[in-house]
Structure formats: C-alpha cells, structure tokens
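*Asks:* There's a structure below that I have some questions on.
Since every read-out is calculated from the coordinates, none of them should be taken as a lab result. What you are looking at is a predicted structure, and each value in this text was computed from that prediction instead of being measured. Cβ sites come from the backbone with ideal geometry, for glycine too, and all protein chains shown count toward neighbours.
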Amino acid sequence: MHCIHTQAAGTARNRLSGSFFFFSNDGSLILKTITSDELTMLVKLFLLPYTKHIQNNSESTLSRIYGVYEVIIDGVSPIKLVLLENTLEGIKRLGSV
C-alpha cells in the first residue's frame, strides 16, 4: 500500500494518486475522491461483478460501496466521490481489545 499521510483530523491524502480520503467520526466510513477515469472504470468494469459477488457472498470482507456522488460548485471542476465501508476500522478495534 502506498503511503498515506494525515492532512488534518479525519482526512488523509494519497501522495501518488492525489486522492483525498475523509473518515467519519467513528471511523466506519470513508469518503474518497475519484477521477473521471476511475469512475468510468468503476461503472463499466467493476460494478456488475462486485454487486453479484456481494449479493452471492453476504459474509464477504470486501468494503461495501454505499454510493458514488458528484459535487458541483460554481467555478470549480466537479468533484467525484465514492462512499465506502471502512473494513479496516473493525480490525483496528479488534486489535485494541
């Protein structure tokens, strides 16, 4: 995994991809910025097999994708986001018990 450094409480940035990661207060959710190319790949290549896998394997440890969003602000390029379950948060909690 590539180095991710903390920008501020609840956020991080991947130095190689330029993606920003925002974490919910309880750490259970991740909101990640994605590029237009990543969105295209997600929808065209990944989404159908991923959905079938999740439907057929309810105990799968793959992160659940809760939504893909686009934020539009006047004068700024649209920002694409994917909302994910943070499966590593559960591992961290188990390690602290």
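*Asks:* Can you find, within segment 52-62, the residue that is farthest from the chain's Cα centre (by Cα) among those that are over 22 Å from Leu88 (Cβ atoms) and polar (S, T, N, Q)?
*Replies:* Quick first cut of segment 52-62, residues over 22 Å from Leu88 (Cβ atoms) only: 52, 55-56.
Next, only the ones that are polar (S, T, N, Q) stay: 55-56.
Numbers: Gln55: 19, Asn56: 22 Å.
Selected residue: Asn56.
*Asks:* Filter segment 26-47 down to the residues that are basic (Lys, Arg) and over 9 Å from the mean Cα position of the chain (by Cα) and list them by number. Quick ask: steps written out before the conclusion?
*Replies:* Just the residues of segment 26-47 that are basic (Lys, Arg), to begin with: 32, 44.
Correct list: Lys44 only.
*Asks:* Quick one: in segment 57-91, of everything that is surrounded by 15 or more Cβ atoms within 10 Å (Cβ to Cβ) and of a type in the set (D, E, K, R), which residue is nearest to Gly18 (Cα to Cα)?
*Replies:* Taking the candidates together, the pick is Lys80.
*Asks:* Related question: Among the numbered criteria (1) assigned to a strand (DSSP E or B); (2) of a type outside the set (Lys, Arg); (3) surrounded by 13 or more Cβ atoms within 10 Å (Cβ to Cβ), which single criterion is violated by Ile54?
*Replies:* (1)
*Asks:* Any residue in segment 34-50 that is within 17 Å of Asn86 (Cβ to Cβ), touching a Phe, Trp or Tyr at 6+ places or on another chain (Cβ under 9 Å) and surrounded by 11 or more Cβ atoms within 10 Å (Cβ to Cβ)?
*Replies:* no
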